[in-house]
1. Report the residue count in the stretch 186-216 for those that are touching a Pro at 6+ places or on another chain (Cβ under 8 Å), farther than 12 Å from GLY163 by Cβ and open to solvent by less than 30 Å² (accessible area, probe 1.4 Å).
2. Quick one: what pairs do we get from the stretch 196-210, first residue assigned to a loop (DSSP other than H, G, I, E, B), second open to solvent by less than 30 Å² (accessible area, probe 1.4 Å), C-beta under 7 Å, 6+ apart or different chains?
3. Go over the candidates LEU28, LEU24, LEU81 one by one and state the one that is farther than 24 Å from ILE136 by Cβ and under 18 Å from the mean Cα position of the chain (by Cα).
4. Can you say whether GLU133 is surrounded by fewer than 22 Cβ atoms within 10 Å (Cβ to Cβ) and within 14 Å of the chain's Cα centre (by Cα), as far as the supplied structure shows?
5. Give all pairs with beta carbons closer than 6 Å in which a residue from the stretch 104-125 that is touching a residue at least 24 places away in the same chain (Cβ under 8 Å) and over 14 Å from ILE136 (Cα atoms) meets a residue that is open to solvent by less than 20 Å² (accessible area, probe 1.4 Å) and assigned to a loop (DSSP other than H, G, I, E, B); count only pairs at least 6 apart in sequence or on separate chains.
6. With free of Cβ contacts under 8 Å to residues at least 60 places away in the same chain, farther than 26 Å from SER33 by Cβ and acidic (Asp, Glu) as the only criterion, which of GLU100, GLU76, GLU66 stands out?
7. Among the numbered conditions (1) out of contact with any Lys or Arg (no Cβ under 8 Å at 6 or more places or on another chain); (2) modelled with pLDDT under 95; (3) over 23 Å from SER158 (Cα atoms); (4) not small (Gly, Ala, Ser), tell me where GLU66 comes up short.
8. Looking at (1) of a type in the set (A, V, I, L, M); (2) more than 21 Å from ARG45 (Cβ to Cβ); (3) open to solvent by 30 Å² or more (accessible area, probe 1.4 Å), find the lone condition where LEU108 falls short.
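The values are calculated or read from the model by the stated rules, or taken from the named source; none is laboratory data. Computed from a prediction, not measured in an experiment: that's the story for all the values here. We place every Cβ from the backbone using ideal geometry, glycine too, and count neighbours over all the protein chains shown. Side chains included, ligands, DNA and RNA excluded: accessible areas come from the protein's heavy atoms. Shrake-Rupley method; radii C 1.70, N 1.55, O 1.52, S 1.80 Å.
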Amino acid sequence: AAIIQVLAKDKGSDGYWVIRCIDLLGQLGRTDSAAFLVTLLDDKRTEIRTRAAMALARMAAPSTRESVQAAYDLAEDGPDLGFKIALLYAIDRIGPFSVERRKMVAGLLPQDKAGLGRISPLHLITAAEVAKEWPIPEALPSLRITAAHIGPFIRRNSIDALGRLKDTGAIPVLIGRMKDDVPSIRKAAMNALRAITGNDLPRSEEDWIAWCEKRQCR
């Protein structure tokens, strides 16, 4: 209740704390927060709308299904890609599950570097996050590309998704991330490689390259 009171008063703030509070409501999963999160689906800022949709997905409260579906119907033909992906995720989490809905999300993402490069980083962060949590195997070609994106949050979410999906085709990409400038991303790449291969022994990029060459990774 305290988080909702603070957000209701100051949600217009540009502070990152607003996003974190919305995420926290979804993580806590208290259904008494659902009605407030639904009101945020109409917020003028895409980051607020999108995080509210993600929070509702994690909450998966049946009482919000009609509102979430209505928000998607309004956004379906618009340019707000991340919001649409988050809403589709929420609809699926609320139920019933649909393989076709998951394919719809993958279909929204280009599978080439140029196409992905034209998409807002905010949308790509959400897409990779959803692909990890759902998960969405159909998004693997896009995730292999965004795992090397200039944006560190996009790289991290994409790498986590590749590990969760146990994508053997991403092994060379992940080995390339072992020299990333960001320590947490290097660690994420190591964890993803371990999840995919079931191998805990290699400790460095050189070890993984040798491991990969021995097995003729492609």
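1. Residues flagged as touching a Pro at 6+ places or on another chain (Cβ under 8 Å), farther than 12 Å from GLY163 by Cβ and open to solvent by less than 30 Å² (accessible area, probe 1.4 Å) within the stretch 186-216 amount to 2.
2. PRO202/TRP208
3. Values: LEU28 fails: under 18 Å from the mean Cα position of the chain (by Cα); LEU81 fails: farther than 24 Å from ILE136 by Cβ.
Answer to the selection: LEU24.
4. Values: surrounded by fewer than 22 Cβ atoms within 10 Å (Cβ to Cβ): yes; within 14 Å of the chain's Cα centre (by Cα): yes.
Here the answer is yes, as GLU133 does meet what is asked.
5. Cβ pairs passing all conditions: PRO121/GLY151.
6. Values: GLU76 fails: farther than 26 Å from SER33 by Cβ; GLU66 fails: farther than 26 Å from SER33 by Cβ.
Exactly one of GLU100, GLU76, GLU66 is free of Cβ contacts under 8 Å to residues at least 60 places away in the same chain, farther than 26 Å from SER33 by Cβ and acidic (Asp, Glu), namely GLU100.
7. With (1) out of contact with any Lys or Arg (no Cβ under 8 Å at 6 or more places or on another chain); (2) modelled with pLDDT under 95; (3) over 23 Å from SER158 (Cα atoms); (4) not small (Gly, Ala, Ser) applied to GLU66, the lone miss is (2).
8. Answer for LEU108: the failing condition is (2).
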